[in-house]
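The structure under discussion appears below in the form of structure tokens.
The values are calculated or read from the model by the stated rules, or taken from the named source; none is laboratory data. Computed from a prediction, not measured in an experiment: that's the story for all the values here. Cβ placement follows ideal geometry from the backbone for every residue including glycine, while neighbour counts extend to all protein chains displayed.
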Amino acid sequence: MLGVGVLKGLVETARNFFGSYVSEERLTTLQYPEETSPRIEASRSFPFLVYDGSDWQQGMRCVSCQICEKECPPKCIFIEKSPDKKPDAVGKMQFYPAKFDIDISVCMSCQICVEVCPFDAIKMDVDYNLSATNRFSDLLLDKERLSKSNEYYHEIHPTEAASVDADLAAAREKAAPKPAAPATAAVQTAGTGGAAS
Amino acid sequence: MSTFSAPAMELTPKPSYAADGAQLLEVSMGPQHPSTHGVFRMDVALDGETVVKLKPIFGYLHRNHEKLGEDQSYIASMPYTDRLDYFCSMTNNWAYALAVEKLAGIVVPERAEYLRVITAELTRLQNHTSLVGFLMQDMGASGTPLMYAFREREKILDLFESLSGARMMCNYMRFGGCRVDLPKGWQQQAQSVVDAYPKFLDEFEALLTSNEILMARTQGVGALSSELAIAAGITGPMLRASGVNYDLRKVDAYGIYDRFQFRVPLGDHGDVYDRCMVRLLEMRESLEILKQALRDLPEGPIQDPKTKVRNFKPKPGEAYGRIEAPKGELGFYLISDGSANPYRFRVRPPSLINLTILEDLCLGRNIADVVIILGSVDIVMGEVDR
Amino acid sequence: MSLESLKERLEAKTGCKLEIVENPSVSAQHSLLVQAKDAVAVATLLRDDEGYNYCSNVTGVDRPAREVSEKVKVMKLVEGVETEVEETQKRMTAAYLEVVYHLFSMTKHKYMVVLRMRTLDREARVHLPSLTPVWRSAEFQEREVYDLYGVLFNGHPDLRRILMWDEFEDFPMRRDYVEPDDYEYEPTAHDAVLRKTNAHWAEAGEGEVGQ
Amino acid sequence: MMDEALKQELRKQGIVATTLQELYNWGRRNSLWPLNFGLACCAIEMIATTMARYDLARFGAEVFRPSPRQADLMIVAGTITKKMAPQVVRLYNQMPEPKYVIAMGACAISGGPFKQGYNVLKGIDRYIPVDIYIPGCPPRPEALIDGFMALQRKIEGQTITGEGRPDFMKDEPSCDFVVPEFAAHDLLPTSNQGVWEAPQLVNITTAEKPGTVKA
């Protein structure tokens, strides 16, 4: 009979409509910004630079090797090497970036910089609310705005951060053959380089 | 309030005439048109309401994928493939990875093959679901079916996000495997989505498939014969709706598709209704594949250890790799000259080639039918124009 | 069904000369190079007799002339004695545009044939026969090759630009294409990008940047 | 003018005191009708934002108008190619004042990952003024909502009298924006000089080798 199919469809919409009052499953609206979706650990937005300890300049893991700059598909990273050296996470004397800029108005969040980084220095952030009124001043992130602490990294990607820390600790162990030696000595005697990738 | 001088129309209407002397109306549909799925444009000549000429015009989203692919390393092209057919980043990744693996002779570990099948079939599910929703939108069922479709799509996107980190642009596969392993609890979550999906499909079909208005609008509209479909190189659900049994998952059996039991739904008439139904049935088969793959998923490595992300330089030569993407045959043709960048990076876009016969399908139909015929072809402009 | 036997069959039927282009990679997808004048006859045979009724992919490739150095043995007078000496000679390879067709069968078998055609040079003699009358699926793809590489397909029903606008004059996928100059602002200064930015400001008459 | 504390106190008593300006801005910011206009990948996230999960209708913006004549807000969602740029500018010109532009996603802001391409416009702000930039490729629906709320805040702060009033309320309203033409190699003009000004090159100046190419 003509019209039965239409009626069947209308019954279905009615079921969905009234069902949304009783069934959680049908009520999917997320009341953003009052509530946010549960944080997904793997989630990624833009890169940031990890530092250890409390001072972002001292603890910066990046050694300015410029691999990420080269591999970045949309070419949105700009690094300038420092003239002098400072000890890195493992304790070896390394360069550090005098300038490290990421143009997030170009970044495609592809995570390739994270994959190629041999020093676990660059990781993906989860913050996505970065809308701006000025494209040039607000969306070109410099070294200071990019630096986030290792604790923050642990907070957003706990599993990944724990395994990175374990790797770094192992590398430090390897770099400092005398475990009894004081930390400062370990820094100076650190010989073999490179954290585990 | 400001006053405007009326901007000049891009095409000044020129009178043209039909054979019997009647004046034809030339309409430029697009590139900004609510039903053209992006920035597609058609120059349509109408006699009354009947289409007498239809010329598709492309290029409004020509983003130079092929040129960019030649200018950067092999791995750097992987995130760009996500943006070809932006509904189906997983299958795009797979097609590109497959072509590179053919070029360089890389073996993929078994677990990675299973992960690829699982993600690709989930992609097919969400692509077909939203396509049917969009098709209904084009037909005038504005809102409701698309809303239901996107409600289900979000569940699959959640799966993609917890696996790869991004909702749409997954950038998940690598040459010789996948980037990350499944996080904890992912398999159960995927299983529950797969288990709940048939219920949604039942609902969707109850809503749509017996609806008289829908049948009147779609049955017999835009019928494509199997001969024309083969000659014009149509692939994917559109070809199978015309009754040609050609599914690369069966023909090439790339990856590990020969291990799964599934059927290939075929249509009889090749009209809009058949195309829609073939997609609905294909989703059921995808669920079958997903069930088997999630059941049989082995343990093991997910990445070929010999293939590195950096400094990847395949030997000179060329390879054409193709897979059955949700929209049709997606192929990548790569020429290597031994350097770190491909010498030629070519994408064989199913959407573009499926549009070859758009004019043949639309001639003699009403202008309102053009919209749903285009909708049933299932195009994504990112892939059509690249 | 090997490529050699296919080549022999086609040569016997059409009387033309085909050439197998080896593919050194592991994919081993070797291809058939066909002369432009024989292309339509060979394509029709492939479709009708060999079952290749589905042309999947049409690709344009630009091969500009490049310098290759190769070792050649030449006879030379060394200290009065004529001896054979190995010498590296540099020569330029021929420049041409290439169109590659990937052919399959939808109904009969699952082999692939790769068909190639080459133009005589890159500037003037860039005409090739269109295979759209044989496989309709080549229609848009040949238009694309024309648009991006400038290969003129004789016998194509509707050869216009497809991706770029009609007024556009260049062929952007050619390897010597120069992009329009719009790099006045570039915060992430990579080598290639920086070169373009510098060129922009030099042209604008403001000298090199950063001074 | 009434001070803020008194206003809050009255509100508790059920008396809403407002100025014409506040009422006007309140009305405008809560009924922004976007143009139904998608260019590329970001458009899918824009559609997802209007769907059940994120529900842009909660902000009064669910009425996506297919015609620019009925729209207040243009969400430029996706890559603008040079072939498309004239149409985008023309659509913007056709929108009635007051009108706003959100550049959604990397491509609309700067050309994004495709900026090296020969057919890609390096940011829509070369031709039309942009109010809010939302980075991301594509931005998540939450990011779009966040950018949308930033736009609402911006509207709330607008005055309707004085020098700071929007252009469309001035006696000499801003004219049409120039629609680029297709030329032999590029668009002409390559940018609208009244809108776009390339800033100082931030990074290159610091290099020791000015203007040279890094090794």
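Summary of computed values
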| quantity | calculated |
| --- | --- |
| Breaking point among (1) away from chain B (no Cβ under 14 Å); (2) out of contact with any Pro (no Cβ under 6 Å at 6 or more places or on another chain); (3) more than 25 Å from B:Tyr80 (Cβ to Cβ), for A:Phe78 | (3) |
| So B:Lys291, is it touching a helix residue (DSSP H, G or I) at 6+ places or on another chain (Cβ under 7 Å), touching a residue at least 40 places away in the same chain (Cβ under 8 Å) and either part of a strand (DSSP E or B) or not aliphatic (A, V, I, L, M) (or both) | yes |
| Verdict on B:Glu299 being buried (at least 23 other Cβ atoms within 10 Å of the Cβ) and over 17 Å from B:Tyr86 (Cβ atoms) | no |
| Flag for C:Thr197 being polar (S, T, N, Q), modelled with pLDDT under 85 and in a helix (DSSP H, G or I) | yes |
| Only one of D:Met51, D:Met74 that is within 14 Å of chain A (Cβ to nearest Cβ) and not aromatic (Phe, Trp, Tyr) | D:Met51 |
| C:Glu19 of a type in the set (Asp, Glu) and surrounded by 14 or more Cβ atoms within 10 Å (Cβ to Cβ) | no |
| Search result, residues across region D:20-42 that are touching a Gly at 6+ places or on another chain (Cβ under 7 Å) and closer than 17 Å to D:Tyr92 by Cα | D:Leu32, D:Gly38, D:Leu39 |
| Helices (runs of 4 or more DSSP H) contained in region B:138-219 and holding at least 3 residues touching a residue at least 60 places away in the same chain (Cβ under 8 Å) and more than 7 Å from every other protein chain (Cβ to nearest Cβ) | B:186-208, B:212-218 |
| Residue list for region D:96-135, filter: in a loop (DSSP other than H, G, I, E, B), out of contact with any Ser or Thr (no Cβ under 6 Å at 6 or more places or on another chain) and within 23 Å of D:Ile155 (Cα to Cα) | D:Pro96, D:Pro98, D:Lys99, D:Gly105, D:Tyr127, D:Ile128, D:Pro129, D:Val130, D:Asp131 |
| Selection status of A:Tyr32, more than 14 Å from chain B (Cβ to nearest Cβ) and of a type outside the set (S, T, N, Q) | no |
| Residue selected from region B:49-67 under the condition part of a loop (DSSP other than H, G, I, E, B) and at the interface with chain D (Cβ under 7 Å from one of its Cβ atoms), by the criterion nearest to C:Phe140 (Cα to Cα) | B:Gly59 |
| Options A:Ser45, A:Ser37: the member that is within 10 Å of another protein chain (Cβ to nearest Cβ), out of contact with any strand residue (DSSP E or B) (no Cβ under 8 Å at 6 or more places or on another chain) and either part of a loop (DSSP other than H, G, I, E, B) or in contact (Cβ under 8 Å) with a residue 60 or more places away in the chain (or both) | A:Ser37 |
| Qualifying residues in region A:110-144 (those that are closer than 19 Å to D:Ile132 by Cβ and within 13 Å of the chain's Cα centre (by Cα)) - the one farthest from the other protein chains (Cβ to nearest Cβ) | A:Asp127 |
| Test for C:Val78: is it surrounded by fewer than 17 Cβ atoms within 10 Å (Cβ to Cβ), more than 25 Å from the chain's Cα centre (by Cα) and of a type in the set (A, V, I, L, M, F, W, C) | yes |
| Residue count for region A:90-114, restricted to those that are surrounded by fewer than 24 Cβ atoms within 10 Å (Cβ to Cβ), of a type in the set (A, V, I, L, M) and part of a loop (DSSP other than H, G, I, E, B) | 0 |
| Any hit, region A:58-65, residues being free of Cβ contacts under 8 Å to residues at least 40 places away in the same chain, outside any strand (DSSP E or B), away from chain B (no Cβ under 14 Å) and closer than 30 Å to B:Ser89 by Cα | no |
| Some residue of region B:250-264 being assigned to a helix (DSSP H, G or I) and either surrounded by 21 or more Cβ atoms within 10 Å (Cβ to Cβ) or in contact (Cβ under 8 Å) with a residue 60 or more places away in the chain (or both) | yes |
| Candidate set: region B:344-364, residues that are more than 9 Å from every other protein chain (Cβ to nearest Cβ) and in a helix (DSSP H, G or I); chosen: the one nearest to B:Thr50 (Cα to Cα) | B:Cys362 |
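Listed here are the residues, each with its yes/no results for (1) free of Cβ contacts under 8 Å to residues at least 60 places away in the same chain; (2) not in a loop (DSSP other than H, G, I, E, B).
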| site | (1), (2) |
| --- | --- |
| C:Leu10 | yes, yes |
| C:Gln29 | no, no |
| C:Val40 | no, yes |
| C:Ala43 | no, yes |
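A quick yes/no check of all residues on (1) assigned to a loop (DSSP other than H, G, I, E, B); (2) at pLDDT below 90; (3) surrounded by 15 or more Cβ atoms within 10 Å (Cβ to Cβ); (4) within 12 Å of another protein chain (Cβ to nearest Cβ):
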site: C:Tyr111; (1), (2), (3), (4): yes, yes, yes, yes
site: C:Val114; (1), (2), (3), (4): no, no, yes, yes
site: C:Met117; (1), (2), (3), (4): no, no, yes, no
site: C:Leu128; (1), (2), (3), (4): no, no, yes, no
site: C:Val145; (1), (2), (3), (4): no, no, yes, yes
site: C:Leu159; (1), (2), (3), (4): yes, yes, yes, no
site: C:Asp181; (1), (2), (3), (4): yes, yes, yes, yes
site: C:Glu186; (1), (2), (3), (4): yes, yes, yes, yes
